[in-house]
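Here it is: the structure, laid out below.
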Ligand SMILES: CC(C)(COP(=O)(O)OP(=O)(O)OC[C@H]1O[C@@H](n2cnc3c(N)ncnc32)[C@H](O)[C@@H]1OP(=O)(O)O)[C@@H](O)C(=O)NCCC(=O)NCCS
């Protein structure tokens, strides 16, 4: 089934991507200040010091979305680990930031970007131990990541995060939710 909806007026073939190679193009607005601010204040600066890499997505040449990726180590409780996994901390790649411009949202571009990031993580996992794609989901997006995209909640990591928040008198309802996608769950 195509990822991009028929109503979009553009298709997967109209999407091109490249790695950020300077300050990002202007005018992007994904509707969430945190992701807009990261893109314009930190994406290029962080990439220049080697702590993240940002991938830009263009629809018919228009800057429409971005994904920032970093390496990660995921702490898992025994019941959460895949069969045969002996370690409590397992190599992963993290989708640290994700944004789709409001003009293009709701047609599948976000899902397409995530599929592309999963492809990248799987390529990497052929050469470096990397079992999962992780992310910290805003609470309103947990259902989307879980039900539509196949991510699971990282209970052990999230319990730690909640304990820490409570200890510092921070409300737990607004905490980002740690999630993982098992790279072995994709058919070759
Ligand atoms: C989240 C985001 C990347 C999705 O991009 P997209 O191109 O619209 O994604 P898709 O078209 O593949 O999927 C759309 C689905 O995402 C979910 N979704 C998007 N925003 C949502 C929100 N604020 N609350 C709940 N669900 C939401 C819905 O299930 C929606 O499906 P629907 O259109 O049938 O309701 C985009 O809305 C965005 O950039 N948001 C602001 C930045 C952000 O939240 N980044 C992620 C931080 S964890």
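Being closer than 14 Å to residue 17 by Cα, more than 16 Å from the ligand (Cβ to nearest atom) and either touching a residue at least 40 places away in the same chain (Cβ under 8 Å) or not in a helix (DSSP H, G or I) (or both) is the requirement here; does residue 74 meet it?
No; evaluated as a whole, the condition is false for this residue.
Considering every residue within segment 79-91, establish whether at least one is over 24 Å from residue 63 (Cα atoms), part of a strand (DSSP E or B) and either within 13 Å of the ligand (Cβ to nearest atom) or in contact (Cβ under 8 Å) with a residue 40 or more places away in the chain (or both).
yes
Do we have residue 84 as out of contact with any strand residue (DSSP E or B) (no Cβ under 8 Å at 6 or more places or on another chain) and modelled with pLDDT under 95 here?
yes
A further question follows. Take segment 4-34 and flag every residue that is farther than 25 Å from residue 52 by Cβ, in a loop (DSSP other than H, G, I, E, B) and within 22 Å of the chain's Cα centre (by Cα).
Those that are farther than 25 Å from residue 52 by Cβ, in a loop (DSSP other than H, G, I, E, B) and within 22 Å of the chain's Cα centre (by Cα): 4, 5, 11.
Being farther than 24 Å from residue 38 by Cβ, without any contact (Cβ under 8 Å) to a residue 60 or more places away in the chain and either more than 16 Å from the ligand (Cβ to nearest atom) or touching a strand residue (DSSP E or B) at 6+ places or on another chain (Cβ under 6 Å) (or both): is that true of residue 122 here? Let's see the steps before the verdict.
Details: farther than 24 Å from residue 38 by Cβ: yes; without any contact (Cβ under 8 Å) to a residue 60 or more places away in the chain: no; either more than 16 Å from the ligand (Cβ to nearest atom) or touching a strand residue (DSSP E or B) at 6+ places or on another chain (Cβ under 6 Å) (or both): yes.
Considered against the rule, which asks whether it is farther than 24 Å from residue 38 by Cβ, without any contact (Cβ under 8 Å) to a residue 60 or more places away in the chain and either more than 16 Å from the ligand (Cβ to nearest atom) or touching a strand residue (DSSP E or B) at 6+ places or on another chain (Cβ under 6 Å) (or both), residue 122 comes out as no.
Being within 7 Å of the ligand (Cβ to nearest atom) and not in a helix (DSSP H, G or I) is the filter here; which residues of segment 98-119 pass it?
If the condition is that a residue be within 7 Å of the ligand (Cβ to nearest atom) and not in a helix (DSSP H, G or I), then 98, 99, 100, 104, 105, 106, 107, 108 are the ones that fit.
Under 8 Å by Cβ, and 6 or more places apart or on different chains, what pairs join a residue from segment 143-164 that is at negative phi with one that is part of a helix (DSSP H, G or I) and within 16 Å of the ligand (Cβ to nearest atom)?
Within 8 Å, the pairs are 148/111; 149/111; 149/114; 151/145; 152/146; 153/142; 153/146.
Please pick out the residue among 37, 67, 16, 43 that is in contact with a strand residue (DSSP E or B) (Cβ under 6 Å, 6 or more places away or on another chain) and loosely packed, with under 13 Cβ neighbours inside 10 Å.
Every option except 16 fails the conditions.
How about segment 73-105: which of its residues are over 27 Å from residue 28 (Cα atoms) and crowded, with 21+ Cβ neighbours inside 10 Å?
74, 76, 90, 92, listed by residue number.
For residues that are under 15 Å from residue 82 (Cβ atoms) and part of a helix (DSSP H, G or I), scanning just segment 138-188, find the one that is farthest from the ligand (Cβ to nearest atom).
Of everything passing the filter in segment 138-188, 184 is farthest from the ligand (Cβ to nearest atom).
What number of residues in segment 125-137 are in contact with a strand residue (DSSP E or B) (Cβ under 8 Å, 6 or more places away or on another chain) and over 13 Å from residue 185 (Cβ atoms)?
Result for segment 125-137: 7.
The values are calculated or read from the model by the stated rules, or taken from the named source; none is laboratory data. Just so it is clear, the model here is predicted, and its values are computed rather than measured. We place every Cβ from the backbone using ideal geometry, glycine too, and count neighbours over all the protein chains shown.
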